[in-house]
Amino acid sequence: MPVQIGQKPESDFFNPLGLLSDCHRRIERFLGVLVKISEKRNGAELPAVEQAALETALTYFRNSAPKHTSDEEDSLFPRLRASREAASALECLDKLEGDHKAAAKDHRTVDSLGTRWLAEGKLAAAPARELGQALTRLSSLYARHIAIEDAELFPLAAKVLPEADLAAVGREMADRRGIRK
């Protein structure tokens with residue numbers, strides 16, 4: 001494994017909670033790219049480097065975000081719901097799942113408009129504004145959502161879930177990506 005100076009090494013499927021948190025950093029990074037391009041260019045023609053960055057960020061959210069949501073909703077959240085020690089988190093889990101639904105709607109808008117921007121070379125004022133509004137909503141949602149998961153939910157899961165459950169979460173995450181663990 002290469003040495004990473006100035007940052008912690010990425011987690012792996014043997015540390016699924018760390019891996020979920022690492023994914024949050026990627027979400028923040030790619031969302032930041034989308035926001036920066038949208039604000040800077042406001043639908044205008046994109047230089048090649050920004051076209052590539054826009055396409056990369058759109059691809060990340062199109063392919064990886066649904067897997068991350070499944071990691072949480074299909075693997076982690078059910079185990080937390082089944083844990084008697086996590087009863088205090090049940091309402092929070094419902095709210096987080098609601099966030100996932102709201103984010104998915106805005107991601108569809110961002111993907112559609114971003115793809116159009118790439119295909120047509122520019123966006124008219126109304127679609128550019130719609131893109132900016134969807135990105136603003138996503139930024140606000142993710143700031144709150146990620147803070148709750150990283151600071152409260154994942155530490156709770158680490159405390160109350162047995163190692164076997166966490167290992168199963170990691171296996172399911174790897175399976176979702178077609179990776180043998």
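Details
- Given (1) under 15 Å from the mean Cα position of the chain (by Cα); (2) of a type in the set (A, V, I, L, M); (3) modelled with pLDDT under 95, number of the condition L90 does not satisfy: (1)
- Candidate set from the stretch 29-50 (those that are in contact (Cβ under 8 Å) with a residue 24 or more places away in the chain and open to solvent by 80 Å² or more (accessible area, probe 1.4 Å)); member that is farthest from T136 (Cα to Cα): E45
- Number of residues in the stretch 167-181 that are within 20 Å of the chain's Cα centre (by Cα), open to solvent by 10 Å² or more (accessible area, probe 1.4 Å) and of a type in the set (A, V, I, L, M, F, W, C): the value is 1.
- Residue in the stretch 149-168 that is out of contact with any Leu (no Cβ under 9 Å at 6 or more places or on another chain) and outside any helix (DSSP H, G or I) present: yes
- Every residue from the stretch 97-108 that is hydrophobic (A, V, I, L, M, F, W, C) and surrounded by fewer than 18 Cβ atoms within 10 Å (Cβ to Cβ): A102, A104
- Tally of residues being surrounded by 17 or more Cβ atoms within 10 Å (Cβ to Cβ) and free of Cβ contacts under 8 Å to residues at least 40 places away in the same chain across the stretch 70-92: 1
For every residue, the table says whether it meets (1) among the small types (G, A, S); (2) in contact with a His (Cβ under 6 Å, 6 or more places away or on another chain); (3) farther than 19 Å from R171 by Cα; (4) at pLDDT below 95.
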site	(1), (2), (3), (4)
P2	no, no, yes, yes
Q7	no, no, yes, yes
L20	no, no, no, no
L31	no, no, yes, no
L34	no, no, yes, no
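- Lone qualifier among L141, L123, L118 - being outside any helix (DSSP H, G or I) and at negative phi: L123
- Within the stretch 109-126, restricting attention to residues that are out of contact with any helix residue (DSSP H, G or I) (no Cβ under 9 Å at 6 or more places or on another chain) and of a type in the set (A, V, I, L, M, F, W, C), the residue that is surrounded by the most Cβ atoms within 10 Å (Cβ to Cβ) is A124.
- Taking each residue of the stretch 105-123 that is more than 19 Å from T136 (Cβ to Cβ) and looking for partners that are open to solvent by less than 70 Å² (accessible area, probe 1.4 Å) with beta-carbon atoms closer than 6 Å, six or more apart or interchain, yields K122/G43; K122/A44.
- Among the numbered conditions (1) over 23 Å from L123 (Cβ atoms); (2) surrounded by 17 or more Cβ atoms within 10 Å (Cβ to Cβ); (3) free of Cβ contacts under 8 Å to residues at least 40 places away in the same chain, the only one that P66 does not meet is (2).
- Members of the stretch 137-158 found to be touching a residue at least 60 places away in the same chain (Cβ under 8 Å) and either open to solvent by 20 Å² or more (accessible area, probe 1.4 Å) or over 21 Å from the mean Cα position of the chain (by Cα) (or both), listed by number: S139, Y142, D150, E152, L156, A158
- Taken over the stretch 127-136, the criterion of being open to solvent by less than 80 Å² (accessible area, probe 1.4 Å) and within 21 Å of the chain's Cα centre (by Cα) is satisfied by L131, G132, A134, L135.
The values are calculated or read from the model by the stated rules, or taken from the named source; none is laboratory data. Please read all numbers here as calculations on a predicted model, not as lab measurements. Glycine gets a Cβ as well: all are built from the backbone with ideal geometry, and neighbour counts include every protein chain shown. When the accessible area is computed, the model is the full protein with side chains, heavy atoms only, and any ligands, DNA or RNA have been set aside. Shrake-Rupley method; radii C 1.70, N 1.55, O 1.52, S 1.80 Å.
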